[in-house]
Amino acid sequence: MMSCELHLTSAELCDRIKGNCGVYFLDGKTMSGKTAFVISLCNGNANAHITTGEKLIERLICNTDNFDAVAEELKDYGIICVEDIDFFGGRPATEQVLAELFGSLSEHSSVIVTGIEIQKRMKNMFMALGGFEYYNKSSEGWTLTDSKGGSML
């Protein structure tokens, strides 16, 4: 885990994420600009995919016998955005599956995950993830407040 904070504008965070494989958590209050950032990051990029946590879980449920099928469907996207993942907090098995999926996808893609108090609500997922960067949104921009796995920094 990191000990210092890094402050970035939306443009700087966009540059940091584009072309860098890994898992990036974007945390912020409702209407803080998370979705606007995701849309600007993916706008006009045919190699980007945006979904919600609920739709991703539905995909996983429909493919219960073949977890790899979901990863295979998504792996060719350079940027994968999953919005509102925090609704699945407190469900250890779901958090474990999401950690495995995000870890697998992050080998080939930038995986952006948004929500409110994600780290607090989904502790099991963070313990299972091999590496990530965690940003909080404020009126001044984005602050990198936590990370795991030295290769991402």
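Every read-out reported here was derived from the displayed coordinates using simple, explicitly stated rules and does not represent laboratory data. The shown structure was predicted, so the numbers you read here are calculated from the model rather than taken from an experiment. Methodologically, a virtual Cβ is constructed for each residue, glycine included, from the backbone with ideal geometry; neighbour enumeration extends over all protein chains shown.
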Residue-wise HN-Hα coupling along region 77-88, computed from phi with Karplus coefficients 6.51, -1.76, 1.60 (Hz; x: Gly, Pro): 7, x, 10, 10, 10, 10, 9, 6, 6, 4, 5, 9
Descending semi-axes in whole angstrom, ellipsoid equivalent of region 31-86, from the Cα gyration tensor: 23, 15, 6
4 °C / 1.567 mPa s Stokes-Einstein diffusion coefficient of the chain, Kirkwood radius on C-alpha pairs, µm²/s: 84
Check: region 99-140 dipole with +1 on Lys, Arg Cβ and -1 on Asp, Glu Cβ, in debye: 200
Distant-in-sequence amide H partners of Gly22 (H built 1.01 Å from N, under 5 Å): Ser109, Ser110, Val111
Relative contact order [Cα under 8 Å, 6+ residues apart], region 6-147, whole percent: 39
Cα-centred dipole magnitude for region 60-153, charges only on beta-carbon of K, R (+1) and D, E (-1), debye, nearest 20: 380
Amide H partners (placed H, <5 Å) of Glu83, local residues excluded: Thr51, Thr52, Gly53, Thr114
Hull volume in cubic angstrom per residue (convex hull over the Cα atoms of region 78-153): 92
Residue-averaged [θ]222 nm for the chain, counting only DSSP H segments that reach four residues, each worth -39500 (n - 2.57): -10500 deg cm²/dmol
